[in-house]
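Derivation of every value follows stated rules applied to the coordinates shown; laboratory data play no part. Please read these numbers as outputs of a predicted model, since none were measured by experiment. Positions of Cβ are backbone-derived with ideal geometry, glycine not excepted, and every protein chain shown enters the neighbour counts.
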Amino acid sequence: MKGWRGLAVGAAALAVAVAGCGTSSDGGSGNSGEPKTLTVWLMDGSAPTTLTDALNKEFQDAHPGVTVKYEVQKWNGIQEKLTTALTSNNPPDVIELGNTQTAKFAAEETLLDLSGDVSGLNGDQWLSGLEDSLTWDGKQYGMPFYAANRTVIYRTDLFEAAGVTAAPKSRDEWISAIEKLKAANAADPEFQPLYLPGQSWYALLSFIWDEGGDVAKPQGSAWAGALDTPQAKAGLEFYKKLVDTSGTKAPKDADEATPQQMEVFATGKVGMMIGLPWELAGAVKANPELKEKTSAFPIPSKTSGKTAPVFLGGSNLAIPAGSKNADLAKEYLKLLSSKKYQDMLAEGGAVPGTSTDTAKLATTPLGKALAESAPNGKVTPTTPSWAAVESGQNPLKDMLTAYLTGAKPLDQASADANTALSKTLGG
Amino acid sequence: MTAVHTTDAAVPTNNSSAPRRAAPGGAPRRRGSTFDRLLPYLLLAPALVAILWLIGWPVLSVLVTSFRKLNLRELTRGEVVWTGLDNYTEILGDPAFWVIAVRTVVFTALVVLVSVLAGLLIALLMRQISTGVRIVLQVAMLLAWAMPLLAATTVYQWIFDQQYGILNKTLVKVGFDSFAGYSWFSTGTSTLAVTGLLIVWQAIPFLAFSLYAGAIGIPKDQYEAAGIDGASTWQTFRAVTWPELKPLLLMVTFLSMLWDFKVFTQIWAMRKGGPDGGSTTLPVYQYLEGISKSHFGVAAAVSVVMVALLALLTVQYLRRLVRSQEGEL
């Protein structure tokens, strides 16, 4: 009867803690030639199987007696799974971490400090946005894996029909493209020039950064919200301008995942969406006709000709502090950081983490847009408490909904969100 | 409650086994009687250990955890950091906690009240209607009951959706034009109202079935007697139905309070306790502290406070329960 969630959490936490106390008796026996297993956890959908198959084979051939135990993990619930795995006696040797989650694990010293190995891991070519996300207290706790960012995915046929000849290169051109699309399709009440749900906060980040603002600023050892700055407010205003100009029918109190915006895009009644590469792939899968009719351009800046900074979503690779095969794991990372495998990542449609050569990526219009904007990529505040913002109640989402629906004026919405954000980041 | 059953079982076992063994034996009486006295306890021991391990240990570990600083760092390194009452002063000193606590209590009270009342009305209704209609009603309720929590929550989200929801569309069709594009999730109160409706909807089948089972157990002749005496419907209810149903009603109210107080899934799935934390209840707060922020010690302290609060709310019923057990024994 007392089967409370909290009891369960507490009990589980304690059980894990007790298990963590157990001594690792067989650790550190470094007899070479002894058969070893290198456990590698990569995430669902991150690296193409052609890459991992080749990588694991090459690694095993180079290290006789070593077996690579390659396991694919699901994103859903990964934070809890990693917490449990990292506290266990026998953690995996290589793990993939979402870049916004890395700080949380690095700050708690659950990951191996790789500062001394950076140069051996192609360190001079690391993607700066990802490097920021894995650096904690001046030390590197991982290696960038790959990144992807949002671009504006659009329908080439509708653009042509509306008389928009070139992809927009500034905010003004973007707005006028929306207006032209709207005018050209005025007969269809279902049509939306730009699909933009009210809580697409990664898109908002772009606008705020483009204005020179930020979500939060470091203040001593802690972070304080910066959502009430004029720059952040200007970013919000532009978001509203996009929503209002487009007249999008997307819900104002949900993000791009409810409903999945790629499904809405796939209906064919949408001119543009701000989305990730896999969302275009999903839309094309649902509606194969779109394959030849879609392209992408980087999110335009307010300064004509520049691209707006984008949120760099992606992954880092790290070695758990408790790994028993840390040296082998470093070798594994080293192999993965080589150009051969980085090119394969680019070919798979992602921005490679340890190679600045994106030639293989720029072969498609979407890849080109990705490669163009990725160097200007930024990440959310590198603080362990950021993970709580995303997995808990995200004040940015509440702010957007309150402002867009008119429930609160701009100043109040941003001030409230700032207070809530500072509180979460502070604790 | 399990503990109570155990004592129940222990008493007869003790009484009946002792004389039975004592009668045929003669010589090894002394040793036998000690063994006899111990035997029931030995037989009970495995069950007792299992219960203590399954229920006692988690309760104890939550209590212990609530006095520790247990974040991800301490968890991964197996460190034990005692902080005394820090976790408690932190949550009890947070004004937001008290807002959430009051909100949780009010929400629980309203949901329990509405669901028990609705369950009672349906139970009484089921006695009055013809068999065919009743079976249809029962099947419908069974289906509602069998629906997975998250599936039901999703359906409710769609019903109340701002743009595509059937509710807003219907209201506009009926003539309430102001509901076009009306957002049911714009404030914490309205979000909780929708969530509460969902919880009531899910709770009614169990309540109605339980109370119906109680209601059909009331002898028909009591109603006939009341009818002969010329009692009105309300008087019949007061004098016949109410006294018979009262113990059952108390029990289902008690159970509902436990269930509704700790509701998490529906509230979280609906709007994550938003907007602006406006529909955050204690279980959601606990999740935010424990899982989102990985402050397991603080979350454990919240659980302890929740248990205390719940005990406070149900103390009347618990006292009654304990007293009636004593009377029976």
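Among the GluC sites (Glu not before Pro) in segment A:154-199, those located in a DSSP loop and surrounded by at most 15 other Cβ atoms within 10 Å of their own Cβ are A:190. Averaged over the residues of peptide B:57-65, the number of Cβ atoms from other protein chains lying within 10 Å of each residue's Cβ is 6. Taking the helices alone, chain B has a mean residue ellipticity at 222 nm of -24500 deg cm²/dmol, built from -39,500 (n - 2.57) per DSSP H run of at least 4 residues and averaged over all its residues. Counting only residues at least eight positions apart within a chain, or on another chain, the aspartates and glutamates with an alpha carbon under 16 Å from that of residue A:182 are A:157, A:160, A:172, A:173, A:190, A:244. Based on the Cβ-Cβ distance from residue A:339 to residue A:291, what FRET efficiency comes out when R0 is 41 Å, to the nearest 0.05? It comes to 0.85. Residue farthest toward the positive end of the dipole of the protein assembly as shown, with Cβ of Lys/Arg at +1 and Asp/Glu at -1: which of B:51, B:232, A:203? Checked the options; the winner is B:232. Approximating the spin labels as points 7 Å out from Cα along Cα→Cβ, the residue B:172-to-residue A:188 distance works out to 2.0 nm.
When chain A is described by a simple charge dipole with +1 on each Lys and Arg Cβ and -1 on each Asp and Glu Cβ, the residue from A:320, A:388, A:54 located farthest towards its positive end is A:388.
With point charges of +1 on the Cβ of Lys and Arg and -1 on the Cβ of Asp and Glu, referenced to the Cα centre of segment B:86-328, which listed residue (B:210, B:101, B:171) lies farthest in the positive direction of the dipole? With unit charges placed on the Cβ atoms, the residue in question is B:171. Distance between the 7 Å Cα→Cβ label points at residue B:216 and residue A:166: 8.0 nm. Remark: chain B carries a charge dipole of roughly 860 debye about the Cα centre, counting +1 on each Lys and Arg Cβ and -1 on each Asp and Glu Cβ. Using a Gaussian network model of chain B whose springs link C-alpha atoms within less than 10 Å, name the residue from B:161, B:229, B:260 with the highest mean-square fluctuation. Result: B:229 has the largest fluctuation of those listed.
Per-residue shielding of A:398-411, expressed as the average number of other chain Cβ atoms within 10 Å of the residue Cβ, stands at 2. Computed packing ranks the peptides A:274-284, B:172-182 as A:274-284, B:172-182, most packed first, by mean other Cβ atoms within 10 Å. Once the mean of 1/r is taken over each pair of separate Cα atoms and inverted, chain B shows a Kirkwood hydrodynamic radius of 24.3 Å. Annotation: segment A:263-400 has a Kirkwood hydrodynamic radius of 17.8 angstrom, from the mean reciprocal C-alpha pair distance. Once you divide the Cα radius of gyration of the protein assembly as shown by 2.2 N^0.38 Å, the number left is 1.15.
Taken about its Cα centre, the protein assembly as shown carries a charge dipole of about 2200 debye when Lys and Arg each add +1 at the Cβ and Asp and Glu each add -1 at the Cβ. Take the Cβ atoms of residue B:321 and residue A:109, set R0 to 51 Å, and the FRET efficiency comes out at 0.55. A 22 angstrom limit on the alpha carbon distance is what I want to check against. Which of A:169/A:249; A:57/A:285; A:139/A:330; A:249/B:173; A:81/A:104 exceed it? Pairs exceeding 22 Å: A:169/A:249; A:57/A:285.
The C-alpha atoms of chain A define a longest principal axis, and helix A:230-246 lies at about 60 degrees to it. Mean projected area of the convex hull spanned by the Cα atoms of segment B:213-276, taken over all viewing directions: 6.6 nm².
Computed from label points 7 Å out along Cα-Cβ, the spacing between residue B:131 and residue B:82 is 6.9 nm. Highest-first packing order for the peptide set B:37-45, B:245-253 is B:245-253, B:37-45, based on the mean count of other beta carbon atoms within 10 Å.
Within the listed set A:98, A:123, A:45, the Gaussian network model of chain A (springs between alpha-carbon atoms below 10 Å) gives the highest mean-square fluctuation for A:45. Full extension of the segment from residue A:128 to residue A:75, taken as 0.36 nm per residue of separation minus the current Cα-Cα distance, would add 16.7 nm.
Cα centroids of segment A:360-392 and segment B:276-318: how far apart, whole angstrom? One Cα centre to the other: 36 Å. Given +1 at the Cβ of Lys and Arg, -1 at the Cβ of Asp and Glu and no other charges, the dipole of chain A around its Cα centre is 580 debye to the nearest 20. For the pair residue B:237 and residue B:55 in one chain, pulling the backbone fully straight at 0.36 nm per residue adds 61.4 nm over the alpha carbon distance.
Distance between the C-alpha centres of segment A:178-213 and segment B:149-207: 28 Å, rounded to the whole angstrom.
Relative to the longest principal axis of the Cα atoms of chain A, the long axis of helix A:49-62 lies at roughly 20 degrees.
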